[in-house]
Amino acid sequence: MKMVRILMAMGLAASVSACASVDVPTRNMPFEPLPEGAVQAPAGYALLDQPRGTYQDAATGQVAINHPDVSRLESEAAPSVALAPAMTAPVTINSVTVRVPRSLKVSEANSYIPRGDIVWREDPIGDRHAQVQKIVQDAMARGVTPLNGPINADLHIEVAKFHALTEKARYTTGGVHAITFQLALKDATTGELLMPVKTVKADLDAFGGKQALQAEGRGLTQKVRITNHLAEVIRQELSSPEGYKNASLGVIQLMNRM
């Protein structure tokens, strides 16, 4: 059974009236493996006692009020893809946690398709795991903001692959942003899994050559496009009965998956 169908059944059983959408707190948690399998959801779904609307910035560690996920993206002087307005969905997301395990291999090779789990070049050379974590964290927090369903849940994401373009591919052939992550939803009060952990593939066509330069001139950097894309992926995954369907992007996509 698909993810949203499971949650819809839980929502009907809970008999909870419509909830308003809220700011989503985010945080960067210690590395620990996601559990496998599913635990039956409890009968009731109460709100957390902790304040909603606070977050811990993954880069600075500072705690602030009112998560700036959308405003920060818009302030980067880059156009963004508009998400759907507040909508009826099985869940309201109470918090978002994104993990990028240190076991993922980083490649800095400037080849067309380097071998590695993480390929990211648009930030200065540094902690690529932390850079990827921040991108995915911002995208997920933004994507779940419109959801306003009766079940209050915590979203846990574990990145398995984040393969953007090298400099050589970016300014010649283009390619595919190959992204894979595990998704787990937990009851916001008990921490129990609401459904089996799911692997989501979220690939995106990657601009190259003249197209890449023109996109950058409009503010559509790799970071902006990937952030917009992942925000829409998680919104569809948690609101559409069939979840998100990965695009078919040809031979380069297959090579990235080898």
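Fraction of C-alpha pairs exceeding 12 angstrom in the range 131-175: 73 percent, rounded to a whole number. Protein heavy-atom surface of the range 91-135, 1.4 angstrom probe: 57% of the accessible area is carbon and sulfur, with nucleic acids and ligands not counted.
Bridgeable lysines around Lys168 (alpha carbons under 28 Å apart, same-chain partners fewer than 8 residues away excluded): Lys105, Lys134, Lys201, Lys210, Lys223. The length gained by stretching the chain between Glu122 and Ser240 to full extension, at 0.36 nm per residue less their Cα-Cα distance, is 39.3 nm. At q = 0.21 Å⁻¹ the log10 of I(q)/I(0) for the range 151-240 amounts to -0.97, computed by Debye summation with a single uniform scatterer per C-alpha, solvent ignored. Multiplying each eigenvalue of the alpha-carbon gyration tensor of the range 105-162 by 5 and taking the square root yields semi-axes of 30, 11, 9 Å, largest first, rounded to whole angstroms. In a DSSP loop and with at most 12 other Cβ atoms within 10 Å, the trypsin sites (Lys or Arg not before Pro) in the range 151-257 are Arg218, Lys245. In plain terms, the chain from Lys168 to Thr190 could stretch by 3.1 nm, reckoned as 0.36 nm per residue minus the Cα-Cα distance. Between Ser103 and Ala247, the contour length at 0.36 nm per residue exceeds the Cα-Cα span by 49.1 nm. Ranking His229, His177 by solvent-accessible area of protein heavy atoms (1.4 Å probe, all protein chains present), from largest to smallest, gives His229, His177. Estimated from the Cβ-Cβ distance and a Förster radius of 22 angstrom, the FRET efficiency linking Lys210 and Ser111 is about 0.55.
The values are calculated or read from the model by the stated rules, or taken from the named source; none is laboratory data. The model shown is predicted, which means the values in this text are computed figures rather than measured ones. Cβ coordinates were reconstructed from backbone atoms using ideal geometry, including for glycine residues, and neighbour counts include every protein chain displayed. Surface areas here come from the heavy atoms of the whole protein model, side chains and all, with no ligands, DNA or RNA. Shrake-Rupley method; radii C 1.70, N 1.55, O 1.52, S 1.80 Å.
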